[in-house]
1. Under the √(5λ) rule applied to the eigenvalues of the Cα gyration tensor, what semi-axes describe the equivalent ellipsoid of the chain? Give them in Å, descending.
2. On the Cα set of the range 133-247, report Rg and Dmax in Å, please.
3. From the P(r) of the range 107-195, can you give the percent of Cα pairs sitting at distances over 16 Å?
4. May I ask for the net charge around residue 213, where only other residues with Cβ less than 12 Å from the Cβ of residue 213 are counted and Lys, Arg are +1 while Asp, Glu are -1?
5. Which whole-number percent gives the relative contact order of the chain, counting Cα pairs below 8 Å spaced six or more residues apart?
6. Let's see if you can work this out: charge +1 on each Lys and Arg Cβ, -1 on each Asp and Glu Cβ, no other charges. What is the dipole magnitude of the range 319-390 about its Cα centre, in debye to the nearest 20?
7. From largest accessible area down, sort 379, 155; use a 1.4 Å probe on the protein chains.
8. Considering only the other residues whose Cβ falls under 11 Å of the Cβ of residue 169, what net charge follows from Lys and Arg at +1 and Asp and Glu at -1?
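The values are calculated or read from the model by the stated rules, or taken from the named source; none is laboratory data. These figures come from a predicted structure and were not determined experimentally. Cβ placement follows ideal geometry from the backbone for every residue including glycine, while neighbour counts extend to all protein chains displayed. For the accessible areas, the whole protein counts, side chains as well, though only heavy atoms, and no ligand, DNA or RNA atoms are used. Shrake-Rupley method; radii C 1.70, N 1.55, O 1.52, S 1.80 Å.
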Amino acid sequence: MRITDIKDMTLSTGEKRSNAMMDFSDMTTGFVAVVTDVMRDGRPVVGYGFSGTGRYSQNAICRDRMIPRIMAADPDTLQNDAGDNLDPFRVWDCMMQKEKPGGHGDRAVAAATLDMAVWDAAAKIAGQPLYRYLADNYGKSSVPDRVPVYVGGGYYAPGRGLPELQDEIRGHLDDGFVVVKMKIGGAPLDEDLKRLDAVLEIVPSDNLAVDANGRFDHAAAMQYADALAPLGLRWFEEPGFPLDFDLQAEVARHYDGPLATGENLLSMWDAKNLLRYGGLRLEKDYLQFDCALSYGICEYIRTIDMIEDHGWSRQRLYPHGGHLLSLHITAGLGLGGTEAYPRTHQPVGGFTDGLTIADGYVGLPDIPGLGFEGKSNLYETLKRLGTEPG
């Protein structure tokens, strides 16, 4: 079997909202389709990938460097030993040849976009949902019926006051979520505290997480830490610049509550340095590495091996992203829980249509691969690539 074609496109997916660091009005998302010569119901099996949430499309890197390497390779070198499926690790090695070590940046997003599509195709060829394929081949075999999920929201938006914020949170609770996360750092501290008080009228403090998106310098991080400490929040996320491990360690020494970080670290090596120098506490804090932004599942499996070597449980991993990829790796690789973006980051945010969310847990889709075909708005987008899923 072989890859016969790889198609790509970039679409505008902007939305009028912002966090503490950026607005999303001009956001773009890259999509790819990996077409194989394996036939199902008279059509080729196609794997799909996208460039994550909150990062711009990096399809130019895919087109200029990575796709040509895959298409020029001997097809036999991209197969598993049995010759009946793709080997995602061999495809990953192929597309990363001639790339220097380090310098992760946007290249990590491009590689993850293609990696996602290859894993989607491999699981479809195997006739399994991706979580089952991962569990059987790279996980711990057992798969739960459902996994813990929290919802990301609470963004800043024009004309959005406290009543609108409260209405959003009530809507998430009505949808079956228990733990919610809201943005902070995009307004002065006194305004953010009013926003927090408004949400805490609806959600218990231990079910509310806050996310500063890396906004704070040392003084602001300590000021917010002092203000948040009495609230007993679920976690305080990304207080400072993602690679400022000294600041992260200082916050960990100063703030007794749980911290969460990692979504903007783009490789296993970045994650290792966070554990070495970021002062995180393995029984208390959360790791949020985003598979769709950090070279994909192949690198994520290496990252899981690394954190376990450092004494961390994979149950402390709550991958950022809020989409189907994060759901599948959480279930298939035995992670602690996942994020959901059912109302933002469309069309990639959220899960397959009709998937049950109740009591803070989400069920799993029973569709081969990642199940993009079961998410109607995403499926309509993918059809623009000129392929029909097999």
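1. Values: eigenvalues 241, 98, 74 Å².
Equivalent ellipsoid of the chain: 35, 22, 19 Å, largest first.
2. Cα radius of gyration and Dmax of the range 133-247 are 16.6, 50 Å respectively.
3. On the way: 2733 of 3916 pairs.
Of all Cα-Cα distances in the range 107-195, 70 percent exceed 16 Å.
4. Numbers: positive: 181, 183, 215; negative: 23, 211, 237, 238, 263.
It works out to a net charge of -2.
5. Working: 864 pairs, mean separation 79.1, N = 390.
Relative contact order of the chain: 20 percent.
6. On the way: 4 positive and 7 negative charges, 41 e Å.
With Lys and Arg at +1 and Asp and Glu at -1, about 200 debye.
7. Details: 379 55, 155 15 Å².
Largest accessible area first, the residues go 379, 155.
8. Details: positive: 170, 181, 195; negative: 164, 167, 168, 174, 175, 201.
In short, -3.
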